[in-house]
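The structure under discussion appears below in the form of structure tokens.
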Ligand code: PSV
Ligand code: MN
Ligand code: MN
């Protein structure tokens, strides 16, 4: 796609969801560093997410994590979000922070624990009904640490049983997104370690079961864009949890470690039309800002996804196809590199002005005085969820 108008229209339509937990205090298992002005309630997290949308114009939804964002009235929370110009996005379940889950949640050998985990997942669908959310994000920390600790096959059976019960509970317009992760916290077997496992479980269930690719959840050197291309071709790419990694599940700002990889991923997305909202690919961020300011970090990440998408949209598809058909390896590679090496910042600045926004979202946010205001108002912000 090289018509600039069409590129801009596509960028306007692409929405990037921010996670509520990115606004809270976070850190590593060594230390959570508190920051001034961080939100104390789910409502304040929504306020902060609304700032990201206000300055980027393309982040109109915020994902919740339950029970980190537990409230009595979810419909009222959704209304609160609407009043601030955003909406509630994916509901992230949490079956990894209870002592009962030491040996697993839905794959636990104890049926009582499995029931408890399933009840939580079903409760998350109730919350989706109340908030109008389309997606339930499922990430299981389940696995084992030692050979022989539990039966690998039996754990897959238990997983399938739970997924099927959740699938049955989904409404017509709802889906679940099954997230895989190579390792951590389990170090020997992880019950959903890779896209193939997630995909196989989803295919058994039907189209409302989709795979979510967290870009930090692979072995070093994994070709993530291949996974993306494959899942899109099979109609099973439900979305992304975007973040960057240097080593393991680092949860750094997307595009910070390897912007070229992000471009390659977005090239496969655009190649399949997955950037269009109708394709149903949810572009979500899953990041922790341990040392950098949080709202500003989210704005930066949204811009990084937009820049990678813009470059992918600028790929000269006809020239690429021709070079590929001619077997001209270097010309084909040059077409991609030309797009990647384009400075798309002026185009995005122009687009923002056309959308009635400041061309420089970070400068506009910093000028707004929002951070100073919340620092003055908020005392004792909450931890994102891990280090509480
Ligand atoms: C797990 O590492 C993960 O990527 C899942 O998406 C969780 O829900 C999220 O991080 C927050 O802990
Ligand atoms: Mn994730
Ligand atoms: Mn993760």
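Rounded to a whole number of µm²/s, how large is the Stokes-Einstein D of segment 151-280 at 4 °C and 1.567 mPa s, given Rh as the Kirkwood radius over C-alpha pairs?
84 µm²/s
Starting with the fewest neighbours, write out 225, 278, 292 ranked by other beta-carbon atoms found within 10 Å of each beta-carbon.
Numbers: 225 19, 278 8, 292 15.
Least crowded to most crowded, the residues run 278, 292, 225.
Would you compute, from DSSP H runs of 4+ residues alone, the mean residue ellipticity of the chain at 222 nm, taking -39500 (n - 2.57) per run and dividing by the full residue count, rounded to the nearest 500?
For the chain, the value works out to -14000 deg cm²/dmol.
Sort 140, 96, 33 so the one with the fewest other Cβ atoms within 10 Å of its own Cβ comes first. Could the numbers behind the result be given before it?
Values: 140 26, 96 15, 33 12.
Ascending Cβ contact count within 10 Å gives the list 33, 96, 140.
Based on other C-beta atoms within 10 Å, arrange 176, 246 from fewest to most.
With the sparsest Cβ surroundings first, the list reads 246, 176.
At 0.36 nm per residue, minus the direct Cα-Cα distance, what do residue 75 and residue 372 gain on full extension? Give it in nm, one decimal, please. Walk me through the numbers before you get to the answer.
Working: separation 297, 0.36 × 297 = 106.92 nm, distance 3.02 nm.
Roughly 103.9 nm would be gained on extension.
Could you state the orientation-averaged shadow area of the convex hull built on the Cα atoms of segment 95-195, in nm² to one decimal?
Seen from a random direction, the Cα hull of segment 95-195 projects 6.2 nm² on average.
Just to be sure I understand the model, the point goes 7 Å from the Cα along the line to the Cβ. What's the resulting residue 337 to residue 219 distance in nm?
Each label point lies 7 Å from its Cα, and together they span 2.9 nm.
At what distance in angstrom do the alpha carbon centres of segment 23-81 and segment 296-358 lie from each other?
With segment 23-81 and segment 296-358 each reduced to a Cα centre, they are spaced 30 Å.
When DSSP beta bridges are limited to those with both residues in the chain, what percentage is antiparallel, rounded to the nearest 5?
The answer is about 15 percent antiparallel.
Would you mind computing, in nm to one decimal, how far apart the modelled labels at residue 43 and residue 248 are, each placed 7 Å from Cα along Cα→Cβ?
About 3.9 nm, to one decimal.
Over the chain, what number does the Rg to Rh ratio reach, with both radii from the alpha-carbon atoms and Rh per Kirkwood? Working shown, then result.
Details: Rg = 20.8 Å, Rh = 21.5 Å.
Answer for the chain: 0.96.
Give the dimensionless ratio obtained when the Cα radius of gyration of segment 148-209 is divided by 2.2 N^0.38 Å.
On the way: Rg = 12.4 Å, N = 62, 2.2 N^0.38 = 10.6 Å.
Output field value: 1.18.
P(r) for segment 320-388: what percent of alpha-carbon pairs falls in each 10 Å bin, starting at zero?
Histogramming segment 320-388 at 10 Å steps yields 16, 20, 20, 22, 13, 9, 1 percent.
So what is the diffusion coefficient of segment 203-334 in µm² per second by Stokes-Einstein at 37 °C and 0.692 mPa s, using a Kirkwood Rh over Cα pairs?
Translational D for this selection: 209 µm²/s.
Show me, bin by bin at 5 Å from 0, the whole-percent P(r) of segment 258-388 based on Cα pairs.
2, 9, 14, 16, 17, 14, 10, 8, 5, 3, 2, 1, 0
May I ask for the percentage of alpha-carbon pairs in segment 11-103 that lie more than 19 Å from each other?
45 percent
With the contact rule set at Cα under 8 Å and sequence spacing of 6 or more, what percent relative contact order holds for the chain?
For the chain, the relative contact order is 23 percent.
Laboratory data are not the source of any read-out in this text; all were calculated from the coordinates shown. The structure displayed is predicted, hence computed values, not measured ones. Reconstructed Cβ throughout: ideal geometry from the backbone, glycine too, with neighbour counts over all protein chains shown.
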